[in-house]
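Participant: Handing you a structure now.
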Amino acid sequence: MIPAAVILIVLIILSASVIKQGHVGVVTRFGKYQRLMLPGLNFKLPLLEGVFKSISTQNQSIELEFEAISLDQAYVNFKSLIVYSAQDAGEETIKKIAFRFIDEKSFMQTLVRSVEGSIRSYVANKKQAEILVLRSEIIGAVKDHLEEALNSWGFHLLDLQINDISFDEAIMRSMSQVVSSNNMKAAAENEAQ
């Protein structure tokens, strides 16, 4: 009698699965998709089914830092922020998110390289002097490309920001000298009047 009760308790414990709020569990049976689990306490067939992944439906963000080269061979440093989320908690969307990439690392690598590639290809056609004033155009061009890619993976782009655009130190000194020279010229012209 006691061994049967112990086995029953173990089976109940093995069949229980808790999915956190803001997540959806993806259940597989012998590696094949079966169903979704919603947040809270759920049950699965012990030893036959497993929770393959827990997919977040909350907003997620990633911060990127990378370098690009302008048309006139200037090195441009970018800091950007991407905010994205699952398109919805529907079955087809969650299946896309769960099975499109082999793991989270592969997804992040693809996302990062997509943003970097888009910005680099845009910047490669612009001169260094143009880049600072084209921030919104760069964001617009990258958003279009990134939104399309994220949609095909089951995600939605909420925001893309380019927080910082800077040049290497030699170019920054050169730009500072140009500004200083222009200020001194304007001051001399004002004094002459």
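Participant: So how much accessible area does Lys20 have, in Å² to the nearest 10, using a 1.4 Å probe?
Facilitator: 130
Participant: Here's something else I'd like to know. Quick one: which residues, 5 or more positions from Leu158 or on another chain, have an amide H under 5 Å from its amide H? H modelled 1.01 Å from N in the peptide plane, none for Pro or chain starts.
Facilitator: Hits under the 5 Å cutoff: Val83, Tyr84, Ser85.
Participant: Right, here's the next one. Under 27 Å Cα to Cα from Lys32, which lysines show up? Leave out anything in the same chain fewer than 8 places away.
Facilitator: Filter leaves Lys20, Lys44, Lys53, Lys95, Lys96, Lys105.
Participant: Can you give the FRET efficiency for Glu104 and Val133, using 1/(1 + (r/R0)^6), R0 = 30 Å, r = Cβ-Cβ distance, to the nearest 0.05?
Facilitator: Once the sixth-power term is evaluated, E becomes 0.25.
Participant: Further, regarding this structure: Using the Cα gyration tensor of the chain, with a ≥ b ≥ c the square roots of its eigenvalues, what is the shape: rounded (a/c below 1.5), prolate (a/b larger than b/c) or oblate (neither)?
Facilitator: The shape class here is prolate.
Participant: Using per-residue counts of other Cβ atoms within 10 Å, averaged over each peptide, order 41-50, 84-93 from highest down.
Facilitator: So the order, starting with the most tightly packed, is 84-93, 41-50.
Participant: For the chain, what does -39500 (n - 2.57) per DSSP helix run (n ≥ 4), summed and divided by total residues, give at 222 nm, in deg cm²/dmol to the nearest 500?
Facilitator: Computed mean residue ellipticity for the chain: -15000 deg cm²/dmol.
Participant: Accessible area per residue, 1.4 Å probe, Å², for region 30-116: what's the number?
Facilitator: Per residue, region 30-116 has an accessible area of 58 Å².
Participant: Now for a separate question. Taking a label point 7 Å from the Cα of Ala89 along the Cα→Cβ vector, which residues of region 143-158 have an amide N closer than 11 Å to it?
Facilitator: none
Participant: Take the solvent-accessible surface of the protein heavy atoms, probe 1.4 Å, and return the percent of it on the chain that carbon and sulfur atoms account for.
Facilitator: 56
Participant: In addition: Putting +1 on Lys and Arg Cβ atoms and -1 on Asp and Glu Cβ atoms, find which of Leu8, Ile131, Gly31 reaches farthest to the positive end of the dipole of the chain.
Facilitator: Most positive-ward Cα: Leu8.
Participant: Taking only Cα atoms, what is the 0 to 90° angle, nearest 10, from helix 169-192's long axis to the longest principal axis of the chain?
Facilitator: On a 0 to 90 degree scale, this one is about 40.
The values are calculated or read from the model by the stated rules, or taken from the named source; none is laboratory data. Source: prediction; values computed, not measured. Heads up, the Cβs are rebuilt from the backbone with ideal geometry, glycines too, and the neighbour counts pull from every protein chain shown. Surface accessibility is based on the protein's heavy atoms, side chains included, excluding ligands, DNA and RNA. Shrake-Rupley method; radii C 1.70, N 1.55, O 1.52, S 1.80 Å.
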